[in-house]
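First the structure, in the form of structure tokens, and then the observations on it.
Derivation of every value follows stated rules applied to the coordinates shown; laboratory data play no part. Treat the numbers as computed from the prediction; the structure is a model and nothing was measured.
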Amino acid sequence: MDEGKRMLYHALVVPLLIVFAMYLVFAMEHFGHYDFRALGIYPRKAVSLAGIITMPFVHSDFEHIMANTPAFLFLSVLIFLRYRRIAGKSLVSMWVLTGTILWVIGRPAWHVGCSGIIYAMVMFVFFAGVINRQRSMMALSLIVVFLYGGMVWYMFPQTVLPHISWEGHLAGAISGITSALVFCEGKQDDGTNALPDEDPGFDWRGKDISDGGIL
């Protein structure tokens, strides 16, 4: 197996495991008649602190999880492919920080879904591209913003419907920028942190939830 394929396969492992877990939780809830809303985040309620970790695995309906899957998979694979050395700790940082900020600033309702993590990864890819002077990474993040549908406007309460968790999106954006600033070194190195564009060795909306949930 050549180096490029090997790197791609390794980059797929963690993102695919996370997506599999999302769909497993979704299938258990919607076909097994479980209610996993309590695995989300209810801001400033101690009982929902575990939701900082579990919230991204819970989705309100099939349309919700399908809307999030392509962007999550593309961005997470891109990060594990292009930022191999820092990908794991960056994703953990974005995951925990997004949930923590949301727990602090969110409205009193159940927040579920992985869109906050998506916002975090978009901001991470963009600002990591700025720090490492990688125009291609910046362009890819802007393409995701365009395809995902008005991402910037979904971070402010004045421009979203009441059931959309703008707080989760804003929390994700903050955590993505923070993680890029903390973990990126500001240089094009040997490829373990960020692969240079010219590296010759290297041949990615919501619906209501019952009982006042938002996503």
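For Leu17 and Phe156, the difference between the fully extended length at 0.36 nm per residue and the C-alpha to C-alpha distance is 46.9 nm.
Full extension of the chain between Arg44 and Ala139 gives 30.5 nm of extra length, using 0.36 nm per residue less the Cα-Cα distance.
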